[in-house]
Structure formats: structure tokens, C-alpha cells
1. Considering every pair of different Cα atoms, what Kirkwood radius, in Å, is found for chain B?
2. Specify the angular offset, from 0 to 90 degrees and rounded to the nearest 10, of the alpha carbon long axis of helix C:93-107 from the longest principal axis of the alpha carbons in chain C.
3. Debye calculation, C-alpha points only, no solvent: report log10 I(q)/I(0) for the stretch A:107-151 at q = 0.16, 0.19, 0.34 Å⁻¹, in the same order as the q values.
4. Can you give the relative contact order of the stretch A:161-277 as a percent, counting alpha carbon pairs under 8 Å and 6+ residues apart?
5. Which order results if A:161, A:335 are arranged by neighbouring Cβ count within 10 Å, fewest first?
6. Quick one: P(r) of the stretch C:336-491 from all Cα-Cα pairs, 5 Å bins, percents rounded to integers, in order of increasing distance.
7. Shielding by partners for C:346-353, please: the mean number of other protein chain Cβ atoms within 10 Å of each residue's Cβ.
8. Counting only other chains, what is the mean number of Cβ atoms within 10 angstrom of the Cβ of each residue in peptide C:463-472?
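Nothing in this text is a laboratory measurement; each read-out follows from the coordinates by a stated rule. The structure displayed is predicted, hence computed values, not measured ones. Because the Cβ atoms are built from the backbone with ideal geometry, glycine has one as well, and the counts that use them run over all protein chains shown.
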């Protein structure tokens, strides 16, 4: 099964890779140093889309050059010049042959485009799932992403870690997606096309980054005030790094505060505040589900769904008043005094 | 200055007589298409949500065939047709009788719907917010009943004019346009009956 | 140019008595004359063009640089919602219905529309809808101060519009305003269809209708089928929000996707409803300035009807990313690609009309030429979007925004400008200034291309739409700055246009009844036409009655 997956994915890209040189007609685009450039694919779905898009672009460019060229020619050749005869030009009402020709040719072009498109649709959507595939459940929230790894018992937020997929022995990540509130959309351009994340509905897509690194994206369906800051970060890791990450995430929350009394106090403050109503910290009484899981908060690079760097300073500001950093975020200001704020911040920064 | 007679030739003899459809009929046909589009969406919602309600009551449990209402409403199409034909033949008395019967039958239909809803709400506990069935049922049947009500108001006005002796044979086309609307409302009921009470149960 | 057409009736305006202002206002408010109602529609739409444009300008200032703080996210979200809703429902529809109202009876030799009072009612109820939408800025406050203007996007996806996620009344202002606009649209469309079918002058068989009239017939027929689903969906939304029903309530098993289907079953035909009148203007203006009859009239009619029908079946190409499954996606890819065939036929026919003609580059024609190139490009980016896998990347990105603005502005607004310059002499009896017109054209053309050509690139680089700001370092910065600069040129162009409109009314060269040497019936009556349009009902024998009069040795009726 994995072999056919590999074969199909490869074969689909082959005829289109040869046309890849067309990509440089989009002058700024392909060479643009953009981490979200759709013409800089890093996974099979994105690759097959680029291949198809090159074909479509070539066809449409050709049509534009021919029709636009004829139009330009006509405007120049048949423009009225002052010395022209005052008689009206010959009135041509139509021509059956010409009209038939320019009906048939577009129909043929449409048929060709349609068949190639259908092939890519079925390849991406109906390909059999390899047994080695990793399953991740993605839940969209206003305005953050929840990730669950059912096979490993891991729950995390905002940073999706996946193992890289070796084309010889594919291990794609299958994302089962739904929303807890309104409609969102999961879009990491370099890896795949987007898929909407809809409440009361489960959508599935797969990604298979082949090179380790961070792949960026963001929510692509307007979901409310902070739609713009619902960013996506996909961490593609080598199998060893991924396994290590999983192991770390499976552990319950850090309880070792030796030499850090402020953090110890912070844990107490945290567990006696409303924080526990919305957040989960594994191994404690905090089991809220409305907000992101904080068990390994300190292991993440960013806060607030990728929009803020995860530093103690930023964390403190965030807890004090989230809307000052991300206006419209659903976490309310906690109205803590400075002492408690410092303590909780110190505590949370120990949650690796 | 007026030299139109020289410049725009009127040689009507060479062309066949210029007859165009009546405005009222075409206008009403357009309105019917637009209203049908609205109704179709409510039908689609009803069918889409069949079997998807999370809780009861369910259609098979609480819906009974509204035979009485249906007979009244469909007969009212005959009576309104009778009224229009009567008016065309300048039989003003029969026209009034036809209109009065139509209004009566239409009102009986509405009363029947009201009776059905009363029992659904009070005996079966089905409201528009109970479940998806309640939502789609009340909205579809309610939208139809609203259109019946509007039709009844128009027909009552026509009846009033007729009883006051001011309805003439020349008005027969206008009455026919109104009757088209009424036939449309009946047609929608046939669809509701089939989709909600027959197939949907 | 050939001999001018004899005028049907000359009117000596110097004899007119100067009437009190109040009387004039009263006449306009109570009028049922299609020409006055048409002008009110157009004036109303021009006002909203400026307001909607201002909203766009504010958005572009905010987006010119990353992480900008020109407006807050809440304000930005209201701006894009109001901009879209305004431009579609309170600029596009009224403008096009206004032109249709004015021109259709004149072009078919009729005295007025079929239902003059319904005509007035439709205008006033649409106008009220627009006022209601803007009243939301003042009156929309609701729970937690979360009110004011709607901020759910012009397509108002569920369940974002549910009471839980949009408390307050802002969404309700959207729903009600658009609902009223829909009623007005159905009323006017009904009027147009009935007028065309039932009030044509003698000899004007359907096969002799001017193409503008055909296109308005198809467009109005589409309105009946397309507006209903939106009206129904809005009733359902309001029931959900106030009576507790569950049409789109995902917590109770309702479906968010159902709203999308209903909206786009309306939304896609709606954009064809907007573009068909643009085709109508091109069909009238291009032949006159190429001095040739339109090429392939029967094919143009057939293509228009085909576009009308097919456009009802393509809606889910707005939903390729919803997960309809390969079969569903494939069907909508097919239908969307098929519609490019009749659309392409139209472009080829316009090309063939120009070919072999004698092209005069007056301002109306310049705008039409802009239309031809720009509509071609817009259609081609549309084909790119119809390829579902490509759309999985491009959907909801700035590529789509660029594509649809290419159609809405590059095609429809350009055609509208052409129509303004072309018919202004008929409406007012004066010519617009050619010099100012050329300034308008070039400024707006530069601005349009700066903005909307370069807007495609951020989409290809992964920038989604409806974001109030964006991260630096994604490669979007420079492009967004260029896009925003283009907006300034467009403002300058529109300023020239408005100035030209007003100034020409008082100082423009007096126009006679047929300044362009055209061939359809509206040019046979005076400029402006008398309130009864034609003193004697005309009789026509071909598609170009005035050509027959001007060329009695070679009338069209010999060939058709």
C-alpha cells in the first residue's frame, strides 16, 4: 500500500515537473523569499498543485497572448485615420465557419484542462492511506489551534510537530480536522492546499514535508476579530527528533521547583485561580478545555497562536491583559497583582 | 418640428398584427418564479435535515395526513377558476359566489393548520426550537401559510369589490392574474403535502 | 459620417417656466417615470461608490505596511464587510438597474416600464435598505458594546453569524438591509422582464431586440432564480438568531456548509447578474465606435442565455476547500470550465466586430477597450481558479480578491464609465468633456493596474484575505505597498469623473439627439427625451432601425 502511494504521488508530478521552468514567468513570485510561497513546494500535495498550475498557466498565457495580440493588432490596424473615406466599412454580420471554429477549439481546451484537473483531484483526495501514516486531530478555535495525537496520548496547541516523510518509505501525517466554534481553514502553502475546518463536520487532509524545518501558514477563513493572528507553525522533524518530542510531550507537567520558590508559589496561585477553568496542565487539577493546553507551554517558541515570541516578558504581558497584545482574543484579563503575575509567569516558564 | 409621419413608416399591412402577451400575466409569472426559488430552499432544508434531528419528536410520531385542509385548499382552486370564468361571461353573481367559496375554503385550510399546530405544540411538545424537524417543519409550513394569508386578503378585497357591484367583465384579466397566484399557493401545498407528510414520514 | 437622423420632435426648452425648488423635489420623490427613477438609482449608486471606495482606501492604508495600527482589527473587519456589502448591493445593483430602467423602454420604443408604481416602490425600498445598512454605525450597539456596523464579511458565513458569536444587532442590520435590497431587485427585474416581453414597439420581434435589451432580459430572469435563495437563507438566519431555530446551529446538528451552499447559489449568479449589463454596454458602444454591426448577433444571444443557465450550476467552486469530496469537486470544476466557452465566444465576437471596422478612440470607446483586455485577463484567472487543486491554494487568498476586483472594477466599472460618457448626452443634452474624460481614463487605468495586477502576487505568496494586518518577513510587504499606492491614482481618476459629471451638466457642449451617429431607438428622440419618450410609437424592420433610416440604399433589413 505504501508503495502504491509513493508511485502514484511520483507519477502525478512527473509530467508536470518538466514544465517547471514556466514558474519563472511569475517573475517576483518564484524567486521571492517567502516562507509561504505556493510555488516553493515542500510536500507532495503542494508539488502536484504546482505541476498542474504550470500547465494551466501556460494555457491561459497562450490564450492571453493570442487573443490580446489580435486585439491590439486590430486596434492599431483598423483605427480611424483622418484621411479615411467617409463611407462606413463593410458590415459583416457573422460567419458560420469562424464561429464554429472558435466554439470547438475552446471546448477542446476545456476538455483537456478538465481531465488533467480531475486526475490531480483524485490523486490527492482518493489516494489510499499508508499504514505508517501518523494521525493527528486538529481542532480549530477562535483564535488558536489545538492538536491531539490519539496514538500517543498527546495534547498540545499552536505548534504542530510532524515527522518528515521519506519518499522511499512515506510517512505522511493525516490531519482530521473539525472546529469547536466557527469555520476556520488550515493553510500551510508550502505543504498543501488549504482545507476548511468546520464545526459539526470532520475534514481530512494529509501533509508530508520531506525536509526538516518550520513551515508557516495561517487561518484562511474569516473567523472573527483575530482571524489575522491565528497563525500556523508546522515543525517537520527527523524521526528521532520527533520521537524525542513526543516523549517529552507525554510527560505530565513539571513539578520540580528546586531552587525556584517563586515558581512553586506560582503553581499554587495558578491552581487557585480561574486559569484552571479554561486550561489543562496534565497532572494537576487544571482540566479546562476552552483554552490551549499549557502542560508544555515553555517548550513552544511562540504564544497566542504564533503571533508573539514566547519570552517571560511577553508571557507576563499576555497574562496581564491579552487584548493589549491581540485585541479581541477571547482570554480575559486576569486582574492579578504584580506579585501573582510574576509568580505565575515564573511557574509557566518551567513547564517544558 | 413634427415631420414624424414622413420619417417613420407605418406599414402595418406588411407585418402580421402586433400582439404581445398581457403584462399582468407575465408579471405574475415572474413573481411566481421568484417565490418558487424561495420555497425551494426551504424544501431543501427540510429534506436535508430529515433524519438528522438529535432528539425527538420525529415526523412519523407526530404528523398526521392533513386530508381536510388539503381537500379545502385544492377545491378552492376550482372555485376561484369558476369565479374567473363567470366574470369572463359577465355572470357577476356567480363570480361573487366563486370568490366567497374560495375565501371560505382558504380560511378553513388556515384554521386546519392552526389546529394542527396547536396540537403539535401542546400535546407533542414540538416547537421551532425543539429540534431540526421542528425548525424546518414550522418554517416551511409557516411560509406557505403566510402566502395563503396574503392570498386570502387579496381575494377578500376582490370579494368586497364584487359584492359592492363594482367588479366588471373588463376586470376579468386582473382577477385571472390573482387566481394565478392562488393556484401557485395551491401547487406549493401539493409539494408540501408530498414532501413533508408522505415522503418525509 | 452619414446624414443625421430626422428628429421626431423638437422641444423648445426656453419656454419652460422656472419652478419652485420644493415642487421639483416633490416631483422627483413621487415620480413613476422610468427615466427619473433610473437617474435616482444611478445617483444613489454613485454616492455609495464614493462611500465604498473610501472604505477601501482606509483598508489599503492599514495594509500598506505590516503590523500597522491605522485602524483597529474591529474597525477593519467592519470596513471589509461594509465595503463588500455596499459595492455589491448598494452600488452595483442600483447602478445597473438604473441604466436598465432608463434605457430599456427607450430602446424598445415604449413609453415607460410595465409597472411604473412598482418601479418607484422598488427604488425606494432598495434606497431604504442602504440607509439602514449605514445606520448600523449609529444604531447597532448591542451586548457588551459589541455592535455597530456588521463585521461578519459580505458573505456572512454561519455559525459566525449566530447569536453566540455575533451578539448585538450588527448582523441583523446586514440581514435586513440586504433583504430589502433583494425585494427591490426582484421588483425591478420583474418590471424589466414584463416590459421587454409585453411592451415592444411594432416590428420589434425578439430577434430584433438590441443586445442590451437581451442581456437585461437574461439578467433579470436570473435575479428571480438567484435572489430567492439568499432571501430564504436570511429568513432562516434571522429565525436562528431570534426564535431559537437550528438551521445553521451546529450545536444542534445544523450545518454550517448549508449556509455556504445557499449563499453561493445566490452569490455566483449574482456576479453574473452584475457582469451581464456590462456586456450590454459593450455590445452597444463598441459597434458604434467601430462603425460596424455587432458580429454574430444570434451567437451573442445564445451565449448570453447559456451563461445565464450555466451560472446557476457552478456555485460550489466557491467551496472547493470545504471538503465536498472528489465527485462533487469534479462536477463543479466541469461546470465552471464550461462557462468559459460562451464567455470566450463573446470576447471573440467583440474582436470580430472591431476587426475591419473604423475605430474612433472617443472616451467611451477607450473604456470599452480597457474592458476587453481586462475582462480577458479576469476570465483567465477565473480559469486558473476553476482548477480545484490550484484553488485549494488560491481560495480565500489575495489572488481571489485580485481576480474578482479585476472583473468588478476592470470589467464592470470600466464598462459603466464607458456607458456614462456614451449616454450622458442623451440624458442631459450636453456632452461630457473629452479632455477631463481622458484624464479620468488614464489616471484610473494606472491606478487600477497598480493595485489589481500586483495584488495577485501576495495571494500566490500565501496571503489570506480579510486580515487586518500581516506579519513582516512573509514577502508580502512591498507588493501591498504598491497596491495601496494604486488606490491613490484611482481616487484621482474618480475625482476627475465626478467633477466632469457635474461641470458638464452646466458647461458641457450642447448635444443634439444623436451625437455619436448611433443606430438604436433611444437616439431617435431628443436629448433629453420628453417624458413620453416617443411622440408616435416607432415601427422597426431590423436590429438597427436608425441605420436603416440613414442608409435607405443598404438597410439591415435586407440582410436579416
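1. 19.3
2. Between the helix axis and the principal axis of chain C, the angle is about 20 degrees.
3. -0.69, -0.75, -1.06
4. 25
5. The most exposed by this proxy come first: A:335, A:161.
6. Result returned by the calculation: 2, 9, 15, 18, 17, 15, 11, 7, 4, 2, 0, 0.
7. 5
8. Mean inter-chain Cβ contacts per residue within 10 Å come to 6.
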